[in-house]
Amino acid sequence: MRPDTWHLFVDPDILKFFAGGLGQTLLISAAAIVISCVLGLALALARMSRAALLRWPATFVVEVIRALPVYLLIVYFGIKGSSLGQPFFGPEFDVSRFWGGVIGLSLYTSAVLAEIIRAGILSLPRGQTEAARALGLNYPRMMRWIILPQALRLMVPAMMSQLTTIIKDTSLVGQIGVFELYRSARIIYTQNFNPIEALLFVAVIYFVICFVLSQLSRRLELGNQTARRVREAVLRDQVA
């Protein structure tokens, strides 16, 4: 340990340096969360489709991606992302290391979210689907207005947990040369030979971010439980 280097972590220039890495971490996380939610929902609906041309390819993609390490996907798209797109977009097409990391992280997370969303939809009582069909709703409207709003409430804890994992997995993107929070710590401790102090400082930042998200998830879960109890009480009063 180098306790004599603790003063570095209150130095304005060092803090500004870490802030740059934190900013990149949050940007990577935000981009991956948006892409993962959209792609995960699409994969989940495709897996539940009656059309085999949608269901089997989506099942194959989800199962293959879930079986791969997220680090492998990040490194692969960080290195080969440009060459994969050049046959379709031309020889000048280029994917930066930043977006290569985002793509790898998003693909893995979307596969996990697809299973969470599918499980949430399947956990709803079958009567919800039958009632929607009885009202004459087609499949898109049934999903949009009846099924997904209820399923998303059930999926909040699992989805928030997985989205919190994205924050931590951004540390892997630094391995392909992207300047993020963990990489900023590596640069600091390489120059000052204080890995324990630098990594503890970064660990505290990760903890604060993830703790805030976990508390938000808990509040959303409690709010959903309270709202459900209120609706059940109102229904009981109406029946009585």
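The values are calculated or read from the model by the stated rules, or taken from the named source; none is laboratory data. Keep in mind that this is a model prediction, so the values were computed, not measured. Here Cβ is always computed from backbone atoms with ideal geometry, including for glycine, and neighbour counts include all displayed protein chains.
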### Task
Quick one: which residue in G90, G78 is under 21 Å from T25 (Cβ atoms) and of a type outside the set (V, I, T)?
G78
### Query
Between a first residue in segment 181-205 that is within 13 Å of T25 (Cβ to Cβ) and a second residue that is in a helix (DSSP H, G or I) and of a type in the set (G, A, S), which pairs have beta carbons less than 6 Å apart while being 6 or more apart in sequence or on different chains?
L181/G21; Y182/S171; Y182/G174; R183/G174; S184/G21; A185/A198; V202/A185
### Task
Go through I196, I176 for me and flag whichever is farther than 24 Å from F9 by Cβ, β-branched (V, I, T) and at pLDDT below 95.
I176
#### Entry: Every residue from segment 157-202 that is assigned to a helix (DSSP H, G or I) and of a type in the set (S, T, N, Q)
S161, Q162, T164, T165, T170, S171, Q175, S184, T190, Q191, N192
### Task
State the number of residues belonging to segment 1-57 that are outside any helix (DSSP H, G or I) and either touching a Pro at 6+ places or on another chain (Cβ under 8 Å) or within 27 Å of R183 (Cβ to Cβ) (or both).
3
#### Entry: Top-ranked residue in segment 77-125 [being part of a helix (DSSP H, G or I) and among the hydroxyl-bearing types (S, T, Y); ranked as farthest from V38 (Cα to Cα)]
S83
### Task
Select from segment 38-80 the residues that are in contact with a Gly (Cβ under 9 Å, 6 or more places away or on another chain) and of a type outside the set (A, V, I, L, M) and write down the one among them that is surrounded by the most Cβ atoms within 10 Å (Cβ to Cβ).
G78
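Can you tell me which residue is nearest to L27 (Cα to Cα) among those in segment 129-156 that are part of a helix (DSSP H, G or I) and among the small types (G, A, S)? Steps first, please.
Let us first name the residues in segment 129-156 that are part of a helix (DSSP H, G or I), namely 129-134, 139-156.
Checking the rest, the ones that are also among the small types (G, A, S) come to 131-132, 134, 151.
Working: A131: 42, A132: 39, A134: 45, A151: 28 Å.
Ranking the candidates gives A151 first.
Yes/no per residue for (1) touching a Lys or Arg at 6+ places or on another chain (Cβ under 9 Å); (2) farther than 19 Å from C37 by Cβ; (3) surrounded by 18 or more Cβ atoms within 10 Å (Cβ to Cβ):
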| position | (1), (2), (3) |
| --- | --- |
| R153 | yes, no, no |
| T164 | no, no, yes |
| D169 | no, no, yes |
| Y182 | no, yes, yes |
| Q191 | no, yes, no |
| N194 | yes, yes, yes |
| F201 | no, yes, yes |
### Message
Give all pairs with beta carbons closer than 9 Å in which a residue from segment 1-18 that is farther than 16 Å from V202 by Cβ meets a residue that is of a type in the set (G, A, S) and part of a helix (DSSP H, G or I); count only pairs at least 6 apart in sequence or on separate chains.
### Response
none
#### Entry: Scan of segment 139-190 for residues that are farther than 17 Å from A119 by Cα and polar (S, T, N, Q), ordered by number
T164, T165, T170, S171, Q175, S184, T190
### Query
Yes or no: M142 at pLDDT below 90 and surrounded by 19 or more Cβ atoms within 10 Å (Cβ to Cβ)?
no
### Task
Would you mind stating whether R97 is in contact with a helix residue (DSSP H, G or I) (Cβ under 9 Å, 6 or more places away or on another chain), closer than 21 Å to L122 by Cβ and of a type in the set (K, R)?
no
